[in-house]
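The values are calculated or read from the model by the stated rules, or taken from the named source; none is laboratory data. Keep in mind that this is a model prediction, so the values were computed, not measured. Here Cβ is always computed from backbone atoms with ideal geometry, including for glycine, and neighbour counts include all displayed protein chains.
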Amino acid sequence: MPKECRALVERLRETLTKQRYSPVVVHNYCRHADYFLRYLAKQQITLQAVTPIEVADYLRLSVRQFRKRHGRAPASFWISIPRSGIHALLRLALKRWPPEPSVTDAGELLFREACDQ
């Protein structure tokens, strides 16, 4: 794994620890963040180019891998563990996560400008 990816996961670990997350949660979030970064590298997707679609694709893959490893589907709440780790990583690394949806018309643009003020 590239050095900058390891540094990012370590930064996530430090941030979660400072925020007093339990050691088990820190471990799980960082492990899934690491797996996600490896997935992005394999797919040749930069971190800045990640969209919710890539996250959803990875999570589907993660469920399939869980099923293959354990011979059963994960519990319904299990998916929140990798999702939370990935979202924590993306919030730490990117300026804005999740990305805002694109503006579809002039009225929506005016509404967003008014809300930003």
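Selection of first residues in region 97-117 that are over 19 Å from Thr51 (Cβ atoms) and free of Cβ contacts under 8 Å to residues at least 60 places away in the same chain and of second residues that are surrounded by 10 or more Cβ atoms within 10 Å (Cβ to Cβ) and of a type outside the set (S, T, N, Q), restricted to Cβ pairs under 6 Å at least 6 apart or on distinct chains, gives the following pairs, ordered by first then second residue: Leu109/Val103.
If you scan region 15-43, which residues turn out to be of a type in the set (Lys, Arg) and assigned to a helix (DSSP H, G or I)?
Answer for region 15-43, where residues must be of a type in the set (Lys, Arg) and assigned to a helix (DSSP H, G or I): Lys18, Arg31, Arg38, Lys42.
The set of residues in region 1-39 that are among the β-branched types (Val, Ile, Thr) and farther than 23 Å from Ala56 by Cα comprises Thr15, Thr17, Val24.
Against the condition assigned to a helix (DSSP H, G or I) and within 22 Å of Lys3 (Cβ to Cβ), how does Ala88 come out, does it pass?
Details: assigned to a helix (DSSP H, G or I): yes; within 22 Å of Lys3 (Cβ to Cβ): yes.
Criteria met by Ala88.
Determine whether Ala73 is in contact with a helix residue (DSSP H, G or I) (Cβ under 8 Å, 6 or more places away or on another chain) and more than 27 Å from Lys18 (Cβ to Cβ). Yes; evaluated as a whole, the condition is true for this residue. Here Thr51 passes the criteria (1) modelled with pLDDT under 95; (2) over 10 Å from the mean Cα position of the chain (by Cα); (3) surrounded by fewer than 14 Cβ atoms within 10 Å (Cβ to Cβ) except the one numbered (2).
Within region 54-85, being within 25 Å of Arg11 (Cα to Cα) and assigned to a loop (DSSP other than H, G, I, E, B) holds for Trp78, Ile79.
Among the residues of region 93-103, the one identified as crowded, with 16+ Cβ neighbours inside 10 Å and either more than 19 Å from Cys5 (Cβ to Cβ) or at pLDDT 90 or above (or both) is Ala93.
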